[in-house]
1. I'm checking my understanding of the structure. Among residues of region 165-190 that are small (Gly, Ala, Ser), under 30 Å from residue 91 (Cβ atoms) and at pLDDT below 90, which one is surrounded by the fewest Cβ atoms within 10 Å (Cβ to Cβ)?
2. Please work out if residue 141 is among the hydrophobic types (A, V, I, L, M, F, W, C), in contact with an Asp or Glu (Cβ under 6 Å, 6 or more places away or on another chain) and under 22 Å from residue 52 (Cα atoms).
3. Quick check on this structure: which one of 140, 200 is closer than 27 Å to residue 59 by Cβ and either touching a strand residue (DSSP E or B) at 6+ places or on another chain (Cβ under 9 Å) or assigned by TED's automatic domain parsing to the domain that holds residue 90 (or both)?
4. Scan region 62-93 for residues that are within 18 Å of residue 169 (Cα to Cα) and in a loop (DSSP other than H, G, I, E, B) and jot them down.
5. For residue 193, are the conditions met, namely being surrounded by fewer than 16 Cβ atoms within 10 Å (Cβ to Cβ), at pLDDT 70 or above and within 30 Å of residue 164 (Cβ to Cβ)?
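The values are calculated or read from the model by the stated rules, or taken from the named source; none is laboratory data. Since the structure is predicted, the reported quantities are computational estimates derived from the model, not experimental observations. With ideal geometry, Cβ positions are generated from the backbone for all residues, glycine too; neighbour counts draw on all protein chains shown.
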Amino acid sequence: MKNIIFSIITTSLLTVSTSTADNNLIITEFMPSPNGYDSEREWFEIYNAGSEELNLNGIEFHSNGTQNFKVTIDRFIESGQRFVFGVSDDQSLNGGIDVDYVYNYRHFSMAQASDKIVMVRDSEILDEVYYQDALESKSFFLPDFKLENADMSNWKVSSLPSSKYGDGGYGTPGDMNEDVLEVVVNNAPQNVKRGEVLMFNIEVYNPTDHDVLFDAWMYAMQHDMTYTPIVRFDNELKKNETAHKTITVYVPMNVDTGEYAISTEFGIFEDTAFWHDSFIVNVE
């Protein structure tokens, strides 16, 4: 069992950080609205993106208002390591996660509607994130630590079955963050004739900081038409890599003219993900 280290309240005037090794510490995931009691299950994660081991002793964390806590003993985070702060290290209470450092919930807590997490050393801001509208039992996570985490559009919400942990939580505290694929339809036709081939392109992008293995089918279905799987994916998509596919579907001769919604379904990779989108085409 890890040592239980409670926080102390500190106050300071914060300034923008200069370039130091501490600047490689990045907030990469947090759980502001856990399933169960917040006072037992809130947690957040930081990542050391630098090449040096860092001592966290003396680092403070601030939220909105005057709430904050300070790391008060030597605790080290190695290069490439994730470190989890939580309000409890008792797995029977905290939802079943491993916590590296315990802080006092009365001194630091995360609101559900909107809040911020600011990481500080010696009055200098090392990193800060803002968020709104937390979902119960689902963490916010950064797919790639190189993304600008001050921009909430770069954050995702944990939801895949593979990220479910313990007693009803979704997230990856202390582990590699959830797999993410972004799928975009391009060049979708507006008009097509009966008996022609309907063609469009898709791009599958891996925005994470790790490779993603996926084995999936792309389906296309149209109202009053029945289609079998139309293209198969069997790839290891490298980090920041994009796969391109051209989709072709035959439009039956007996289909009525008019507008149809083409529904595209992409899944499943590692039995965890599903993507859906649609566009309108007019059959002449």
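1. This residue is 168.
2. Judged against the criteria, residue 141 is not a match.
3. On inspection, the qualifying residue turns out to be 140.
4. Result: 87, 88, 89, 90, 91, 92, 93.
5. no
One line per residue, one yes/no per condition, for (1) crowded, with 16+ Cβ neighbours inside 10 Å; (2) closer than 15 Å to residue 128 by Cα; (3) under 25 Å from the mean Cα position of the chain (by Cα):
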residue: 57; (1), (2), (3): no, no, no
residue: 71; (1), (2), (3): yes, no, no
residue: 84; (1), (2), (3): yes, no, yes
residue: 89; (1), (2), (3): yes, no, yes
residue: 98; (1), (2), (3): no, no, yes
